[in-house]
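One structure is given below, encoded as structure tokens.
Bear in mind these aren't lab numbers, they're just calculated from the coordinates by the rules spelled out. Being a predicted model, the structure only gives us computed values, none of them experimental. Please note: Cβ atoms are built from the backbone with ideal geometry, for glycine as well, and neighbour counts cover all protein chains shown.
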Amino acid sequence: MHDLILKAETLVEALPYIKQWYGSIVVIKYGGSTRSGNQELESTLRDIVLLKYVGLKPIIVHGGGKDISDFLTRLGIVSKFIDGLRITDKKTMEIVEMVLSGKINKEIVLVLNKLGASAIGLSGKDGSLLLAEKVSKRKSRDLGWVGKVSSVNSEILEKLLQEKFIPVVAPIGMSKTGDTYNINADEVAGHIAAALKAQKLIFLTDVPGIQKRIKQQPTLISTIRLNELKMMIKNKIITGGMIPKVESCVYALQSGVQKTHIIDGRVSHALLLEMFTPDGIGTQIIH
């Protein structure tokens, strides 16, 4: 009986946060690095379905870099990166689209529907959701079919949310002339959140959040303001794979998103802990 009472008390403690965010649009970037197996995938997606049933409006943007690299390796193609961006020739672009839009996207949709949600998978080509333009050369090297978001057709996502669907977006874009581009999923999540003026943008990653060093020990920053984050970027305290995430957070906040979060998606029920408890588990970035 004691355990049941504790569970009931947990639900009651979550009530103010459920009330606060009821009806809110929440864009969730689900990174491939946190998707270590079917059990973890289902656990995370079950939490997203719960968000849906307590009145929030989740949108999932997924990556898939590890899956793409594994598939290319099986075909004998060596993955090359510059500044974290995959050099993408025509053949690689076909594999990228197949893995992101055909494999990962449909796996996520399948599990969501199995769990009782109504999910629809999209790429940036569907309804011209993501218009893209070619990324400029990096270190004098042409990256091939790597793009950046130039605009988001938010109308299609708004209509799906109105009809109670969970949109699941693969980060593939198209140009005005019909070319296909591989886009960084963090960037896509930030632009979608900005276009919809979402209340929250959450990155599920494989790190605890944004950290600083105190006496040479990494220490989690639970809350950071936008101007402080910009200084950390300027001073190169933030490096590596965290850069596109924090840049997307900055863009989203400057475009009207209320809060952004970077949390460890490997932790069980990370989304619920971040959203429905007083302290959360990762880093929240606010104005």
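Taking amide H positions as placed 1.01 Å from N in the peptide plane, with prolines and chain starts having none, which residues 5 or more places from Ile202, or on another chain, fall under 5 Å of its amide H?
Close amide H contacts, sequence-distant or interchain: Val27, Ile28, Lys29, His261.
To the nearest 500 deg cm²/dmol, what mean residue ellipticity at 222 nm is calculated for the chain from DSSP H runs of n ≥ 4 alone, each contributing -39,500 (n - 2.57), summed and divided by the residues?
Theoretical 222 nm ellipticity from helices: -12000 deg cm²/dmol.
Would you mind getting me the FRET efficiency between Ala8 and Ser140? Use the beta-carbon distance for r and R0 = 45 Å, nearest 0.05.
Efficiency, from the Cβ-Cβ distance: 0.15.
Which value, in Å to one decimal place, does the Kirkwood hydrodynamic radius take for segment 21-286 when every pair of different Cα atoms is included?
Every distinct Cα pair counted, the radius reaches 18.6 Å.
P(r) for segment 49-110, please, calculated from all Cα pair distances in 10 Å bins and given in %.
Whole-percent P(r) values from 0 Å outward: 19, 43, 22, 13, 3.
Per-residue counts of other Cβ atoms within 10 Å, averaged by peptide: what ranking do you get for 87-93, 10-16, 252-258, highest first?
252-258, 87-93, 10-16
Among Leu41, Gly173, Thr205, pick out the residue whose Cα is farthest towards the positive end of the charge dipole of the chain, where Lys and Arg carry +1 and Asp and Glu carry -1 on C-beta, about the Cα centre.
It is Gly173.
Give me the dipole magnitude in Debye, nearest 20, for the chain about the Cα centre, with unit charges on the beta carbon: positive for Lys and Arg, negative for Asp and Glu.
Charge dipole of the chain: 800 debye, to the nearest 20.
Students often forget the sequence filter, so: which lysines lie under 18 Å Cα-Cα from Lys57 once same-chain residues fewer than 8 apart are removed?
Lys57 reaches Lys19, Lys29, Lys159, Lys164, Lys197, Lys200, Lys259.
Quick one: the Cα spread of segment 112-234 along its three principal axes, in angstroms, biggest first?
Rounded to whole Å, the extents work out to 51, 46, 26 Å.
Per residue, what volume in Å³ does the convex hull of the Cα atoms of segment 85-147 enclose?
Cα convex hull per residue, to the nearest whole number: 84 Å³.
If the cut-off is a Cα-Cα distance under 17 Å, which aspartates and glutamates reach Lys234, setting aside same-chain residues fewer than 8 apart in sequence?
Partners found: Asp83, Glu247.
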